[in-house]
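Student: I am attaching a structure below and will ask some questions about it afterwards.
The values are calculated or read from the model by the stated rules, or taken from the named source; none is laboratory data. Keep in mind the model is a prediction, meaning the values are calculated, not measured. Note that each Cβ is placed from the backbone with ideal geometry, even for glycine, and that neighbours are counted across all protein chains shown.
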Amino acid sequence: MIVRANGIDLHVELLDPSPPGSDVGRAPAPAADDTRARTPSAAGTPGPPTAVLIHGMASDTLASWYFTLAKPLADAGFRVVMYDLRGHGHSERPRTGYAIDDFVDDLAALLDELGVTGPVYLFGNSFGGTIAFGYAIRHPERAAAIVAIESAPPTPAWMARVARGLARAAELLPRQDAVAALAAGRREGFGRRARATREMLAATTLAEELPASPLPDPSRISAIGVPVLCVYGAESAVAQLAPEVARLLPQTRTVVVAGARHSVLVDRSETVRGLVLAWLREECGVAPAGPVPTHPDHIPQEVPGWTPPSPAARSSSATAGAAPRSSPT
Amino acid sequence: MAASQESILAEISEMIRAVLADFAPDDEITMETTFREDLGMESIDVVSLAGRLQTRYGDQVNFAHFVATLDLQTVRDLRVGQLVEHIAASLDRVGAGQP
């Protein structure tokens, strides 16, 4: 459905919790005495807790969540909210308004429009995680917990990486030869996504505005008191940010998935699903139904402070299901 | 193909043409038509179609939950007929439950 929020039309998809009696557990709303969550009481808020799933920047849409974690979260008792970020998917594409705060404003307005008043569980993939942290910074009373996949809070180091990525995309995507080279060895559909990204960067000021976003003082990031789960792919450079995130947010559970790349959510959705449901149960008191799915291929490394794997460690945890590592450029 | 499936297919075809607008195919949409290969629809387009179908069928068919059980690989191979069969089966169940 289309929801008008913050002055633009946003494409929104909702999944209601799987019906009772379908042998699924229920996620409790954060309780007043739940000191772990350190969120205000949601006792006056009837109904199931809400999970908001935020996709990544430039070449992503809500489909990445829809076909990976949305259904398992609904089965765990969540009301699941997904939306296409401004400029993405089937949402409106204004020419300007692509700083972090614009995306946070969109999210806040959307939740208001949907009548979501209690604290929400925020899930973000890549830059979507940064929007989740940004929302928790500005609306601390509205955040129950944060799951960030291949992401980080809005820090200078992360934003510098985002800026480099966008600059590279803006430079390479208009060149057919460069797109063909990048697409080699990638998943089917890469070329199509590259074209869509190129159109988007040409039609908006995102590539200039986003890297120039005003950043919060680190103390405001550290003030986020809710449980945090950070998942990284061992083969992704974003994992290098893990130690800084753990310093800023010591409550963070960091998991690095062996053999996975930046697209770990899509490539290794079953692993991510198992990690998320286990963390929800252990850190948030949300009990998923049935056994948490595991996969013999997947040997996630759980590390409090991430250190790059040695070649030996990497090969020992190498997985049959891992995508071959391509070396673009 | 059962008569109910035929009418459901006709209705879905119309919705697909609405979703695709200018990019709708000239050929007839059949049970064997695939969303990605034949119609060029991205996964996000399939999600949008799911939303329209949910509006159309309401509580009779839990369309969102059906589509969400697919993974990204499966949705690439999804045929129009699979949606038609799911809707027909759901409507049959609803019908059977009524006096």
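Student: On the basis of being touching a Lys or Arg at 6+ places or on another chain (Cβ under 6 Å), crowded, with 24+ Cβ neighbours inside 10 Å and either of a type in the set (S, T, N, Q) or closer than 23 Å to residue A:250 by Cβ (or both), does residue A:119 make the cut?
Tutor: Here the answer is yes, as residue A:119 does meet what is asked.
Student: Filter the stretch B:10-59 down to the residues that are of a type in the set (S, T, N, Q), surrounded by 15 or more Cβ atoms within 10 Å (Cβ to Cβ) and more than 12 Å from chain A (Cβ to nearest Cβ) and list them by number.
Tutor: Those that are of a type in the set (S, T, N, Q), surrounded by 15 or more Cβ atoms within 10 Å (Cβ to Cβ) and more than 12 Å from chain A (Cβ to nearest Cβ): B:13, B:33, B:34.
Student: Within the stretch B:60-69, how many residues turn out to be buried (at least 19 other Cβ atoms within 10 Å of the Cβ) and facing another protein chain (nearest Cβ under 8 Å)?
Tutor: 4
Student: While we're on this one: Are any residues in the stretch B:43-70 among the acidic types (Asp, Glu) and under 18 Å from residue A:83 (Cα atoms), and if so, which ones?
Tutor: Listed by number, the list holds a single entry, B:45.
Student: Same structure, new question: Just wondering, is there one or more residues in the stretch A:20-43 that are modelled with pLDDT of 50 or more and surrounded by fewer than 23 Cβ atoms within 10 Å (Cβ to Cβ)?
Tutor: yes
So that you can scan it fast, the table gives a plain yes or no per residue for (1) away from chain B (no Cβ under 14 Å); (2) out of contact with any helix residue (DSSP H, G or I) (no Cβ under 6 Å at 6 or more places or on another chain); (3) within 21 Å of residue A:266 (Cβ to Cβ); (4) not acidic (Asp, Glu):
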| position | (1), (2), (3), (4) |
| --- | --- |
| A:54 | yes, no, yes, yes |
| A:61 | no, no, yes, yes |
| A:66 | no, no, yes, yes |
| A:76 | no, yes, yes, yes |
| A:79 | no, yes, no, yes |
| A:88 | no, yes, yes, yes |
| A:91 | no, yes, yes, yes |
| A:133 | yes, yes, no, yes |
| A:153 | yes, no, no, yes |
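Student: Moving to a separate point now. Do we find a residue being away from chain A (no Cβ under 14 Å), among the polar types (S, T, N, Q) and part of a helix (DSSP H, G or I) anywhere in the stretch B:75-89?
Tutor: Yes.
Student: What pairs can you find where one residue is in the stretch A:6-26 and more than 10 Å from every other protein chain (Cβ to nearest Cβ) and on the phi > 0 side of the Ramachandran plot, the other is surrounded by 17 or more Cβ atoms within 10 Å (Cβ to Cβ) and at pLDDT 90 or above, and their Cβ atoms are less than 7 Å apart, with a gap of 6+ or different chains?
Tutor: A:6/A:105; A:6/A:106; A:6/A:109
Student: So residue A:134 passes all but one of these: (1) in a helix (DSSP H, G or I); (2) over 17 Å from the mean Cα position of the chain (by Cα). Which condition number does it fail?
Tutor: Status for residue A:134: all satisfied but (2).
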